[in-house]
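The next block holds one structure in the form of structure tokens; read it before the comments.
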Amino acid sequence: MANNVVQDRLGDLFVREGLITKEQLQEALKEAQQSKTRLGFALVKMGFVAENQLTRALAKQFRVPAVDLDKVKVEEKILKLVPEEVAMKHRVLPLRKVGRTLTVAMANPTDMGAIDNLKFITRYEIEPVIVGEYTLQKHLEDYYGLGEMKMQEMLGDLLDEEVEVLEDREEDISVAALEAEVDKAPVVKFINGLLTDAVLKGVSDIHIEPYEQEVRIRYRID
């Protein structure tokens, strides 16, 4: 109920700012309710407003700085401060650490439950900055999941892998050693990552389409 009230207030803000019409607001509220997403996500998805306009309006409303994630490179040691499952659950991306303060990008900087959980897990004070939900999703996939950056990296590993030809000889190899070697193979890492990402997103079908110069992967979510 409280979440609906917040969304209604934000919707009124967007109308006052001239970003959308009242009719578009009602359509987006209906879409957000049906798809169980936030109002801002629905507005961008339906093409009613540009994400950067939406982010500026939210930053003004919440009095929280906005951030352009396309201009930020997150270090590996910073990413490790927030486990993948926590980042995906709360839709947060750690950006930088200064002293005992960790700055995180959030689509909803008023989510005190997420902020309190991050404080408990990281043992740092949390400074939220706001980012568009579409952009946040893309970067979460790139840094944690199987986004475009990681996909290209793993495909590159597959193409660069050299095939080693061994002599035909019998050799005693333990099952544990064999499993360890298999897990190191780029193709195994790629498939494991693909399946893990699909499970997290509730994917029902995975379509892999090889072309001469590229490989296209499509998900189906029922």
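Just so it is clear, none of the values below were taken in a lab; they were calculated from the coordinates. Because the structure is predicted, anything quoted here is derived from the model rather than measured. All Cβ positions, glycine included, derive from the backbone under ideal geometry; neighbour counts span all protein chains shown.
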Q. For the range 2-49, what does the alpha-carbon gyration tensor say about shape, rounded, prolate or oblate, given a ≥ b ≥ c as the root eigenvalues, a/c under 1.5 as rounded, and a/b over b/c as prolate?
A. oblate
**Q.** Calculated from backbone phi, Karplus (6.51, -1.76, 1.60) coupling profile of the range 108-114 in Hz, x at Gly/Pro
**A.** 10, x, 9, 6, 5, x, 5
Q. Pairs K71/K97; K36/K60; K71/K138; K60/K89; K77/K97: which are spaced more than 21 Å apart, C-alpha to C-alpha?
A. K36/K60; K60/K89
Q: Taking 7 Å along the Cα-to-C-beta vector as the label spot, tell me the E17-I121 distance in nanometres, rounded to one decimal.
A: 2.8 nm
Q: Evaluate the distance, in nm, between pseudo-label points positioned 7 Å from the Cα of D68 and of N52 along their respective Cα→Cβ axes.
A: 0.6 nm
Q) Could you give the length gained on full extension between E84 and K30, defined as 0.36 nm per residue of separation minus the Cα-Cα distance, in nm? A) 16.4 nm
Q | Under 5 Å, built H, 5+ apart or other chain: amide partners of E127 | A | L102, T103, V104
Q.
Compute, for the range 2-49, the length of the dipole vector about the Cα centre, with Cβ point charges of +1 (Lys, Arg) and -1 (Asp, Glu) only. Units Debye, rounded to 20.
A. 140 debye
Q.
Taking amide H atoms as placed 1.01 Å from N in the peptide plane, list the residues 5 or more away in sequence, or in a different chain, whose amide H sits under 5 Å from that of V92.
A. none
Q: Could you state, as a whole-number percent, how many of the C-alpha pairs of the range 69-138 are farther apart than 19 Å?
A: 21 percent
(Q) Using the Karplus curve 6.51 cos²θ - 1.76 cosθ + 1.60 with θ = phi - 60°, what ³J(HN,Hα) values do you get for each residue of the range 57-65, in whole Hz, with x for Gly and Pro? (A) 5, 5, 4, 5, 5, 8, 6, 10, x
